[in-house]
Amino acid sequence: MKTIYIFLLSILFLTGCSEDYKLDESFTLPTELSGPEEVAIDLQSSENIVLTWNGGANDGGVLLYSVLFDKGDGNFSEPIYTSQSDFGATRQLTLTHVILNKIAREAGLKTAETGKVKWTVEASRGGVVRRSQEYGEILITRPAEEIPEQLYLLGSATENQGTAPVPFRKESDGIFVIYTKLSSGNIYFTDALEDGVNYTVDSSGKLIEGDEAYNVEAEENVVRLTLNFNAKTISKDLISGVRMIWGATFDVIADMQYVGNGSFKKENVNIKFVDPNDPSTNPPSWLTWVEERYYFISTINGADVCWGRGDNVSAEQPGENEPATFYELHEFAWSQWDHLWKMSHSLNKKTCTVTIETNANNMMIHSFSDVK
């Protein structure tokens, strides 16, 4: 009986509460917005930009806030950037220099340019959303130099007709390289797979930010594009041939064929080390030992260069578990006995597939596979 009595009291209490409670949807919109009037973007800075405002719910409850940004002459009908306040309910928004730079870019400011961005606040409660009639302005100066960390090729002239971004290899800070084929059409560059900063080339040949692609003509040869963001330049080299040769005789081991996606390949390569006791290997008269040293010769813009080992150590026989860096290719002026590798003894008198990947884990490497 006592239990039933307590249960009935609980129902009466909860029913009374539900009848008396009513959400107070009234609130005060921000009338005072505070933030910096001027910011010079420093992408390396750890300091934050803080925007604050007043206002609140009439009953002291919680409001949700969003901050809207627009161009200097905008009216927030189509804001260029929107963000919830810190934790969604505080009267404050903390921005990094990187985010503010993105907002300035969306406002149409180019690198090294100065211009205004407007911001205002929306408050909401119980599905009711109201926007403040006040707004703040920030005079923003974007940095002159912005170096992307990664880069992709896009456009109708690419190997996949622009259906997917094609990655560049980052050669060093600010310098990106890609080997590809180009058809007639257009190309441009971006620094992210989604929502990236786009780059193009202006009429003077200078790299600039921009969404407008530029036209290129079809090339019969493989093209090497090098983008230097330190100097804002783009260069194009034509690769008309790549061959793997023996260092002792210059005989061709494999005439490499471009197979797309930045790769050169040759299948069913017949490997026979240069042997003074085997006339079929074309041994020079001075040779008294078996020679297994090799490198690659690439014809670039009509001139031969060496694609060889990157250090000055004498050619070494590879071990069983050499890292990919052992097979990394670097470009040099040709010299017969420099930058060679020694081929693994396991390849002698075998056939295999030789492959050069110009962007494998951000390296240009070669490999041997399908050994028979």
- Task: Considering only region 122-171, give the strands (runs of 3 or more DSSP E) lying wholly within it that have at least 3 residues that are farther than 30 Å from residue 54 by Cα and open to solvent by less than 60 Å² (accessible area, probe 1.4 Å).
- Result: 152-154
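Would it be correct to say that residue 369 is among the small types (Gly, Ala, Ser), at pLDDT 95 or above and open to solvent by 40 Å² or more (accessible area, probe 1.4 Å)?
yes
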- Message: I'd like to verify a number: residues in region 110-149 that are in contact with a Pro (Cβ under 9 Å, 6 or more places away or on another chain) and among the β-branched types (Val, Ile, Thr), how many?
- Response: 4
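I want to confirm something. Restricting to region 159-197 and keeping residues that are among the β-branched types (Val, Ile, Thr) and out of contact with any Pro (no Cβ under 9 Å at 6 or more places or on another chain), which single residue is farthest from residue 229 (Cα to Cα)?
163
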- Note on the structure: Within region 66-120, residues closer than 28 Å to residue 200 by Cβ, open to solvent by 70 Å² or more (accessible area, probe 1.4 Å) and of a type in the set (Ser, Thr, Tyr) come out as 82, 114
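The rows are residues; the columns are (1) among the charged types (D, E, K, R); (2) touching a residue at least 60 places away in the same chain (Cβ under 8 Å); (3) under 25 Å from residue 223 (Cβ atoms).
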site	(1), (2), (3)
133	no, yes, no
138	no, yes, no
143	no, yes, no
148	no, yes, yes
183	no, no, yes
198	no, no, yes
- Under the condition of being basic (Lys, Arg) and assigned to a strand (DSSP E or B), which residue from region 96-121 is nearest to residue 145 (Cα to Cα)? 116
- Query: Which pairs do you get when a residue that is closer than 19 Å to residue 254 by Cα, found in region 281-307, comes within reach of a residue that is of a type in the set (Asp, Glu) and open to solvent by less than 10 Å² (accessible area, probe 1.4 Å), reach meaning Cβ atoms under 9 angstrom, with the pair 6+ apart or on two chains?
  - Reply: 281/291; 283/291
- Task: Confirm whether residue 354 is β-branched (Val, Ile, Thr) and at pLDDT below 95.
- Result: no
- Item | Contacts under 9 angstrom Cβ, first residue in region 38-53 being at positive phi and of a type outside the set (Gly, Ala, Ser), partner open to solvent by 70 Å² or more (accessible area, probe 1.4 Å) and in a strand (DSSP E or B), 6 or more apart | none
- Under 7 Å by Cβ, and 6 or more places apart or on different chains, what pairs join a residue from region 324-344 that is over 15 Å from residue 253 (Cβ atoms) with one that is exposed (fewer than 13 other Cβ atoms within 10 Å of the Cβ) and among the polar types (S, T, N, Q)? 324/361
- Query: Hey, among the residues in region 286-324 that are in a loop (DSSP other than H, G, I, E, B) and modelled with pLDDT of 95 or more, which one's surrounded by the most Cβ atoms within 10 Å (Cβ to Cβ)?
  - Reply: 292
- Note on the structure: Here the residues within region 36-52 that are modelled with pLDDT of 95 or more and either under 16 Å from residue 122 (Cβ atoms) or crowded, with 18+ Cβ neighbours inside 10 Å (or both) are 39, 49, 51, 52
- Does at least one position in region 300-307 carry a residue that is touching an Asp or Glu at 6+ places or on another chain (Cβ under 8 Å) and closer than 22 Å to residue 348 by Cβ? no
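The values are calculated or read from the model by the stated rules, or taken from the named source; none is laboratory data. The structure displayed is predicted, hence computed values, not measured ones. We place every Cβ from the backbone using ideal geometry, glycine too, and count neighbours over all the protein chains shown. Side chains included, ligands, DNA and RNA excluded: accessible areas come from the protein's heavy atoms. Shrake-Rupley method; radii C 1.70, N 1.55, O 1.52, S 1.80 Å.
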